[in-house]
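K.L.:
Here it is: the structure, laid out below.
Each value in this text was obtained by applying a stated rule to the coordinates, not by laboratory testing. Owing to the predicted nature of the structure, the values given are computational and were not obtained by experimental measurement. Please note: Cβ atoms are built from the backbone with ideal geometry, for glycine as well, and neighbour counts cover all protein chains shown.
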Amino acid sequence: VDLSHAVPPQDVRHAALFLAGCVPYFPPEALHVIVVDPGVGTDRAALYIDVGGHQLLCPDNGCWSLLADVLGAHPVVRRLDNPRYCRKPVSATFHGRDIFAPAAAHLTLGVSPEELGPEVGQWVRLPAAPLVTTAHGWEGEIIHVDSFGNLISNVPGPEAAGRGGTVWLGSKAVRQWVRTYGEAEPGTPVALVSSSGFLEVAVVNGNAARTLAAGVGTPVIVAHSSPPPAYEV
Amino acid sequence: VDLSHAVPPQDVRHAALFLAGCVPYFPPEALHVIVVDPGVGTDRAALYIDVGGHQLLCPDNGCWSLLADVLGAHPVVRRLDNPRYCRKPVSATFHGRDIFAPAAAHLTLGVSPEELGPEVGQWVRLPAAPLVTTAHGWEGEIIHVDSFGNLISNVPGPEAAGRGGTVWLGSKAVRQWVRTYGEAEPGTPVALVSSSGFLEVAVVNGNAARTLAAGVGTPVIVAHSSPPPAYEV
Amino acid sequence: VDLSHAVPPQDVRHAALFLAGCVPYFPPEALHVIVVDPGVGTDRAALYIDVGGHQLLCPDNGCWSLLADVLGAHPVVRRLDNPRYCRKPVSATFHGRDIFAPAAAHLTLGVSPEELGPEVGQWVRLPAAPLVTTAHGWEGEIIHVDSFGNLISNVPGPEAAGRGGTVWLGSKAVRQWVRTYGEAEPGTPVALVSSSGFLEVAVVNGNAARTLAAGVGTPVIVAHSSPPPAYEV
């Protein structure tokens, strides 16, 4: 099953959100091979991970740490360093082909995870995007743009929607809150709770990233009662 | 099997043509989950459909009515309102995950369609694009642009090709008729019968949508003997 | 399994490199259906190919000849001209649906390749991109741009990397050689051995095709000791 070939090149953060959103729905016998790997061929490790009953094969770049947080489970992590289970020769630029996929294939043929390499106790974690609780609400940022151009922030969705107010995306204000896209007119910028539970900004039947010129990293300020000081004129 | 992730966002008409073009080739045990769903979370229904031996799970937005026309079969339609077969909680913005896929999974595990919800007698139909037979031929419109940029109209292909003449795309005239792309020089705009049986305009080894600045909704006039009055100078 | 829907329209050369890169990793019972087919509906043949234990169904346009070179195996080639194993009617514009996929389906159901049509002794071969060994190194060209924008040439990778020097892409010089992307700073143009064994030019964490304004057909000159005469000033 090809879950996605649409993760932007080298975008480990995008991969992390993607994995957190889909791996939990797979059965434990699934093997997830993740090849978002800007550090391929350097000394970054190649890992086998068993977390919350889910198995992953991926580079040690933090792509799975958000998934681990979502699952709230203790991971068992192994370093894939048994050359017996690699394609030979191992290239310096394509470990999806030479290390991760062969390891997955051997696992499906009955090789045990122990044989792939030793357990390790340290791995890279992706730092969470900054989120601050303020007197007015929250200061966070856009952490994901989905294929519709919807902007997903790191602000907790139900809490923000429960109090309403203004969502500032940089200097642009979004003031209409909805439960779902179809509740406002096409073209309207709206704030809502995303399907992953975060505060989302969308443009009904449109592309919010394009219309609002926002993207990953755009600051998001939620001000329940009034504009935050910085934007008062 | 991922049939397509390339339907443009919210484009129910594109989905309808896509389904009419591929579902008929699948065996009856296939379950088709369609998540082109601009009305997600509103009061639009979620449906299970059995039509001509094909089973679909989709929003009630007309995405399957062209398929039903092609199959010429009487559908059995059920409303998916048994919460037992949904993911919990059901979000307001992602019924692919929360309603359609879980219903399909339960069906594959032996749940009968009757258990998903009651049969209904009404559903949304997508209106057909306007098509008029004129003294000279037809007046229709482009209803689809494929991934090559080929322009598919709603004008009956074999009938139009049988008489030839001029195809007007807005103010642009296409006068060369071919049986297939390779019969004209690269770069030539040509008229032909599409693989779905409609009048198609293509640019050989090129992209007709871009070259002719046309797209879904562009008027198409077929004039067998002479330019239509509106274009006579 | 959908190996790719991302081969650019009508790009037989891209398909050829794609097939050479992935078919060798499949087991012999796999059937590969290739529908990169600018000549569909003309008198170009439809083929069944058995080469090195791999089976393909494809148009006779040379898309598989590089694969045959890589495998170094003698092919058995048949012409698919038994109408019994086609969808009816056979359209002039979509043989993926009407000839290749039905032939593959019949093969999986036990039809033997002999029944599909007679063996033939001639087929189209894709000419290799020109490669010249010079006093300084090589003169070749870019033969592929991957989805990251990396530029793959037809110059032998290990040999070129073994001697180093300057890689000229048109009038642009790349002088930094690395073993893998992560060995240079983001944004740096680098030369390295691609995972397929050719000389590759990449921009670390960037898109070399865009940054260096290069693409398929861009001349590549490798000059081990000094700039080639044409670029001396």
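K.L.:
As a test, work out the antiparallel percent of DSSP beta bridges whose residues both lie in the stretch A:128-219, rounded to the nearest 5.
P.N.:
Details: 17 of 18 bridges.
Around 95 percent antiparallel, to the nearest 5.
K.L.:
Let me know the charge dipole size of the stretch A:12-85 about its Cα centre in debye, to the nearest 20, where only the beta-carbon of Lys, Arg (+1) and Asp, Glu (-1) is charged. Working shown, then result.
P.N.:
Working: 5 positive and 7 negative charges, 13 e Å.
Rounded to the nearest 20 debye, it is 60 debye.
K.L.:
Out of the stretch B:143-233, which GluC sites (Glu not before Pro) are coil in DSSP terms and have no more than 14 other C-beta atoms within 10 Å?
P.N.:
Counting only loop positions with at most 14 other Cβ atoms within 10 Å, the GluC sites (Glu not before Pro) in the stretch B:143-233 are B:Glu232.
K.L.:
Another one. Expressed in nm to one decimal, what extension gain is obtained for the pair A:Arg163 and A:Cys22 from 0.36 nm per residue of sequence separation less their Cα-Cα distance? Provide the component values of the computation, followed by the final result.
P.N.:
Details: separation 141, 0.36 × 141 = 50.76 nm, distance 2.92 nm.
Here the answer is 47.8 nm.
K.L.:
So if I place +1 on the C-beta of Lys and Arg and -1 on the C-beta of Asp and Glu, and nothing else carries charge, what would the dipole magnitude of chain C be about its Cα centre? I want it in debye, nearest 20.
P.N.:
Numbers: 14 positive and 21 negative charges, 53 e Å.
Here the size comes out at about 260 debye.
K.L.:
With unit charges on the beta carbons (Lys and Arg positive, Asp and Glu negative) and the dipole taken about the Cα centre of chain C, which residue among C:Phe26, C:Cys86, C:Asn207 sits farthest to the positive side?
P.N.:
The Cα lying farthest towards the positive end belongs to C:Asn207.
K.L.:
May I pose another question? Would you work out the relative contact order for the stretch B:115-233, in percent, from Cα pairs under 8 angstrom that are 6 or more residues apart? Could the numbers behind the result be given before it?
P.N.:
Working: 244 pairs, mean separation 37.6, N = 119.
The normalised contact order for the stretch B:115-233 reaches 32 percent.
K.L.:
Which loop GluC sites (Glu not before Pro) in the stretch C:28-123, with loop taken from DSSP, have no more than 14 other Cβ atoms within 10 angstrom of their Cβ?
P.N.:
For GluC sites (Glu not before Pro) across the stretch C:28-123 that sit outside H, G, I, E and B with at most 14 neighbouring Cβ atoms in 10 Å, the list reads C:Glu29.
K.L.:
What does DSSP give for the stretch B:1-109 in terms of the percent of beta bridges that are antiparallel, rounded to the nearest 5? Don't jump to the answer; show the numbers that get you there.
P.N.:
On the way: 10 of 13 bridges.
Roughly 75 percent of the DSSP beta bridges within the stretch B:1-109 come out antiparallel.
K.L.:
Using helices alone, I'd like the mean residue ellipticity at 222 nm for chain A: each DSSP H run of four-plus residues gives -39500 (n - 2.57), total over residue count, nearest 500. List each step's numbers first, then the result.
P.N.:
Working: 6 runs with 41 residues, N = 233.
Roughly -4500 deg cm²/dmol at 222 nm, from the helical runs in chain A.
K.L.:
Another question about this same structure. For chains A and B related by rotation, which residue of A has the Cβ nearest the axis, and what is the rounded distance in Å?
P.N.:
A:Asp2, 4
K.L.:
Tell me the trypsin sites (Lys or Arg not before Pro) within the stretch A:132-219 that lie in a loop according to DSSP and have at most 14 other beta-carbon atoms within 10 Å. Intermediate results must be reported in sequence, preceding the final value.
P.N.:
On the way: sites: A:Arg163, A:Lys172, A:Arg175, A:Arg179, A:Arg210; in loops: A:Arg175, A:Arg179.
Passing sites in the stretch A:132-219 are A:Arg175.
K.L.:
Give the calculated FRET efficiency between C:Asp50 and A:Asn207 to the nearest 0.05, with a Förster radius of 60 Å applied to their Cβ-Cβ distance.
P.N.:
Efficiency for this residue pair is about 0.80.
K.L.:
Can you list residues whose amide H is under 5 Å from A:Lys172's amide H, if they're 5+ apart or on another chain and H is modeled 1.01 Å from N?
P.N.:
Amide H to amide H, under 5 Å and 5 or more residues apart or across chains, A:Lys172 pairs with nothing.
K.L.:
Let me ask something else about it. Counting only DSSP beta bridges with both residues in the protein assembly as shown, tell me the antiparallel percent, nearest 5.
P.N.:
Numbers: 109 of 121 bridges.
That works out to approximately 90 percent antiparallel.
K.L.:
While we're looking at this one, here's another question. Taking the Cα atoms of the stretch C:111-190 alone, what are Rg (to one decimal) and Dmax (as a whole number) in Å?
P.N.:
Spelled out, the Cα radius of gyration and Dmax of the stretch C:111-190 are 19.2, 58 Å.
K.L.:
Using a 7 Å offset from Cα along the direction of the beta-carbon, what are the separations from C:Gly53 to the same position in each other copy, nm, ascending?
P.N.:
The projected label point of C:Gly53 is separated from its counterparts by 3.9, 3.9 nm.
K.L.:
Explain nothing, just the number: dipole magnitude of the stretch B:75-201 about its Cα centre with +1 on each Lys and Arg Cβ and -1 on each Asp and Glu Cβ, in debye rounded to the nearest 20. Walk me through the numbers before you get to the answer.
P.N.:
On the way: 11 positive and 12 negative charges, 61 e Å.
Taking the Cα centre of the stretch B:75-201 as origin, the dipole is about 300 debye.
K.L.:
From the square roots a ≥ b ≥ c of the eigenvalues of the alpha-carbon gyration tensor of the protein assembly as shown, which class results: rounded (a/c under 1.5), prolate (a/b over b/c), or oblate?
P.N.:
Since a/c stays below 1.5, the shape of the protein assembly as shown is classed as rounded.
K.L.:
Distances from B:Val132 to the same position in the other copies: list them in nm, one decimal, shortest first, using label points 7 Å from Cα along Cα→Cβ.
P.N.:
6.3, 6.3
K.L.:
If you fit an axis through the alpha-carbon atoms of helix B:12-22 and take the longest principal axis of the Cα set of chain B, what angle between them do you get, 0 to 90°, nearest 10?
P.N.:
90 degrees
K.L.:
In addition: Counting only C-alpha contacts under 8 Å and six or more residues apart, can you give the relative contact order of the stretch C:28-76 as a whole percent?
P.N.:
Values: 69 pairs, mean separation 19.0, N = 49.
That works out to 39 percent.
K.L.:
If we hang a label 7 Å off Cα along the beta carbon direction at C:Pro8, how far is it from the matching labels on the other copies, in nm, shortest first?
P.N.:
2.3, 2.3
K.L.:
Output the relative contact order of chain B, whole-number percent, from Cα pairs under 8 angstrom with separation of 6+ residues. Mind dumping the intermediate values first?
P.N.:
On the way: 463 pairs, mean separation 36.3, N = 233.
Relative contact order comes out at 16 percent.
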